[in-house]
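The values are calculated or read from the model by the stated rules, or taken from the named source; none is laboratory data. The shown structure was predicted, so the numbers you read here are calculated from the model rather than taken from an experiment. Here the Cβ positions follow ideal geometry from the backbone for every residue, glycine too, while neighbour counts run over all protein chains shown.
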Amino acid sequence: MDQINHTGLISGFNNLKQLEMAVAAAQKMTGSATMSMDPEAIQNAEKALQDAKTIYQTAGDTGVDQDFLSNQNELLLQCEHQLNEAKQ
């Protein structure tokens, strides 16, 4: 099982599944935060986005499907853009 360093949690998922789940969480948190415009929710969405980016950086080490990684990166960029627009 893999240990997630920043939380100490242990997960049975591989790096790609962790990435997929982290991106999905960041998307949901971003959507919710930008709809409510709650400053704390926006801050939490930014943290989730940063966590997903960290996982993305390590997921590329596996040498697997670049289309999947490219798609996940695009989703992260969309979240980042949405949060930046909400903060303006």
Residue set Gln72, Gln82, Gln78; condition buried (at least 19 other Cβ atoms within 10 Å of the Cβ), at negative phi and among the polar types (S, T, N, Q); output residue Gln72
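Considering only residues of the range 32-88 that are within 18 Å of Gln18 (Cα to Cα) and of a type in the set (Lys, Arg), which is farthest from the chain's Cα centre (by Cα)?
Once the filter is applied, the top-ranked residue is Lys47.
What residue, of Leu76, Leu69, Leu49, is touching a Phe, Trp or Tyr at 6+ places or on another chain (Cβ under 8 Å), within 21 Å of Asn15 (Cα to Cα) and modelled with pLDDT of 95 or more?
Numbers: Leu69 fails: modelled with pLDDT of 95 or more; Leu49 fails: touching a Phe, Trp or Tyr at 6+ places or on another chain (Cβ under 8 Å).
Criteria check complete, one pass: Leu76.
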Given the conditions (1) at pLDDT below 95; (2) surrounded by 13 or more Cβ atoms within 10 Å (Cβ to Cβ); (3) β-branched (Val, Ile, Thr), every one holds for Thr7 apart from (2)
